[in-house]
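Remarks on the structure that follows.
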Amino acid sequence: MTTTPAPDATIAETSSVQLEEILRGAAAAAPAWAATPADARARALVAVADALQAHADELVPVGMAETGLAEARLRGELLRTAVQLRLFAETIVDGSYLDVRIDEADPEFALGARPELRRVLVPLGPVVNFAASNFPFAFSVAGGDTASILAAGCPVILKVHDGHPRLSLATAAVVEAALRASGAPDGVFQTIIGQEAGVVALQDERVRAGSFTGSLRAGRILADLAAARPVPIPFFGELGSVNPVFVTQTALDESATAIATGFVTSVAGSAGQLCTKPGFVYLPDGAGLDESIREAAAAVPEHRLLNDRITAGYQARRDTILGTDGVRVIAEGSLRVDEDGDGWATPTIVAVSLDALRAGRDALLDEAFGPLSILVEVPAGTAFAPLVPELCEGNLTATLHAGADETSDDLVELVQQLSAHAGRVLFGGWPTGVAVTPAMQHGGPWPATTNDSSTSVGTAAITRFLRPVAFQNMPDRFLPEVLRSSATGVPRTVAPAGESTHWGEAAQR
């Protein structure tokens, strides 16, 4: 059985004495975990996945009580968490994530004698991971960041989110027990509680990186702290995104009703508390979707918001948007706060003209974290592509709905603009729902993330917690095992001696 604090139990914040012990333990575990063979680390991740699924019936009800998320959503999210862990286990065993490169010594190298060079990615060391509120399994205690940190060979110091502390501690107990039973070193996974403990840990010299999923304000503060250290460290924050969608007239002619209902479903899912919710939909003026949207929104039942802070933030954004000049309400939705202080909402959908959006951009363009979205009515003949740099900052996603066979120079340019402003560009469909696959990119330019070169979903997420080291003319006995001449099973890119004389020939032809 898991150890879950009672609902009325006081959960104490991590003291300075406890934090020092945790930091010392993570630093001690770092070299041991980094040196643990790949197959052993993979087995540990699979053990955690198995344990989480085995304890689902205990964990899910706790999550429902603390977050208000539905049972089906939480069970699906727990399955996703287990799949992520197993995917990273396979990645470790495969070994290609190490990006092993070997240049053989070459006395005839085009630029003079070349030494032998062997390059590999190595773990950074202890990482502080700030858990998310809106994904209490998939981006929290054992979520994608934790899975990729452990897979990289780094210890995790997990800062518990105060939106679901009981679930976090119960999940952590499952993770710790599974890792201990699998033979992982003590200190490879630990939790801390409280904002002060998280900040102090991020600034400690033994911590070598940070990861975060949450608000733009909090993420910026943490990123600045990481950068201001005497020795700055990498910080990977997923922050805010409005995920613009562009819809052509041809797409409306072919499937207007499906677009309207799919849009409302995407906005309403989990009460709009998803980082990939479509916040703005740009479409031709007079699109005629109002009635379909109104009917779809009316069919959505109330859904509880995650906590009182999110309720207050959503209420403030909703009031601001509804009070802005030029905003036309399509589906007003509702927001009520019950006697326990929990917020309950139904979808609010509004429309503005392109000119009204430009005039009210300071009030309208920020993210509304909840079930609210804005249709932007664009005059006929207006090219979409120039609107992207004008009105769309960095985003996790951007979407194009066009006709099945539609093409134009404007649409080609639009896709190019969207790819410059988002980490994932979709054709058709809706951005909510992030596939856990090797090719997934879940990141984007600021303010979507603090580091546009990374992803927090998919196997490439592991590289956030690795750094490259090259060994020159190093005898085998001193090399990491994966770089030794006798190493097998790890993919490697080899530049044999003698081939360099041909470099550049393709460019000359």
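The values are calculated or read from the model by the stated rules, or taken from the named source; none is laboratory data. No experiment lies behind these values; they were computed from the predicted model shown. Cβ sites come from the backbone with ideal geometry, for glycine too, and all protein chains shown count toward neighbours. Just so you know, the surface numbers come from the protein's heavy atoms only, side chains and all, with ligands and any DNA or RNA stripped out. Shrake-Rupley method; radii C 1.70, N 1.55, O 1.52, S 1.80 Å.
By DSSP, what percent of the beta bridges with both residues in the chain are antiparallel, rounded to the nearest 5?
Working: 21 of 62 bridges.
Of all bridge pairs located within the chain, approximately 35 percent are antiparallel.
Surface calculation, 1.4 Å probe, protein heavy atoms: SER96 sits at approximately 60 Å² accessible.
Roll a 1.4 Å probe over the protein chains and send me the accessible area per residue for the chain in Å².
Working: 21560 Å² over 509 residues.
Per-residue value: 42 Å².
Here ARG424 sits with roughly 40 square angstrom of accessible surface, probe radius 1.4 Å.
Simple spin-label model, 7 Å along Cα-to-Cβ: ARG328 to PHE427 in nm? Taking the two extended label points, one gets 3.2 nm.
At full extension, GLU302 and PHE478 could sit 57.1 nm farther apart than now, given 0.36 nm per residue minus the alpha carbon distance.
Report the extension gain between ALA70 and ASP355 in nm, rounded to one decimal, defined as 0.36 nm multiplied by the number of residues separating them, less their alpha carbon distance. Mind showing how you got there, number by number?
Details: separation 285, 0.36 × 285 = 102.60 nm, distance 3.94 nm.
Computed gain between ALA70 and ASP355 is 98.7 nm.
Label separation (SER408 vs ALA383): 1.1 nm, computed from points 7 Å beyond Cα along the C-beta direction. Site pair ALA439 and ASP452 shows an inter-label distance of 2.3 nm when each label is modelled 7 Å from Cα along Cα→Cβ.
Could you tell me the calculated FRET efficiency between ASP162 and ASP362, based on Cβ-Cβ distance and R0 = 35 angstrom, to the nearest 0.05? Calculated transfer efficiency: 0.70.
For HIS55, neighbours were defined as the other residues whose beta-carbon sits under 13 Å from its Cβ, and their charges (Lys and Arg +1, Asp and Glu -1) total -3.
With the radius of gyration and the Kirkwood radius both derived from the Cα set of segment 400-451, what is their ratio Rg to Rh?
Expressed as Rg/Rh, it is 1.01.
A cut-off of 5 Å between modelled amide H atoms, ignoring neighbours fewer than 5 places along the same chain, links LEU375 with VAL281, VAL350, ALA351, VAL352.
Counting 0.36 nm for each residue step from ILE11 to ASP50 and taking away their Cα separation leaves a gain of 11.3 nm.
Accessible area of SER485 (1.4 Å probe, protein heavy atoms only, ligands and nucleic acids ignored): about 80 Å². What is the angle, in °, between the Cα long axis of helix 38-54 and the longest principal axis of the Cα atoms in the chain? Nearest 10 is fine, range 0 to 90. Relative to the chain, helix 38-54 is tipped by roughly 40 degrees.
Recomputing volume of the Cα convex hull per residue in Å³ from the coordinates shown identifies the correct label among (i) 139; (ii) 148; (iii) 172 as (iii).
Summed over all non-identical Cα pairs, the Kirkwood treatment of segment 280-321 gives a radius of 12.9 Å. Surface composition of segment 223-267: carbon plus sulfur atoms hold 63% of the accessible area, using a 1.4 angstrom probe and ignoring ligands, DNA and RNA.
When all protein chains stay in place and ligands, DNA and RNA are ignored, the 1.4 Å accessible-area order of ARG180, ARG304, largest first, is ARG180, ARG304. By accessible area, using a 1.4 Å probe on protein heavy atoms only, segment 300-377 has 46% of its surface on carbon and sulfur. For segment 394-509, carbon and sulfur atoms together expose 52% of the accessible surface, with a 1.4 angstrom probe and every protein chain in place. Helix 165-181 and the longest principal axis of the Cα set of the chain meet at an angle near 30°.
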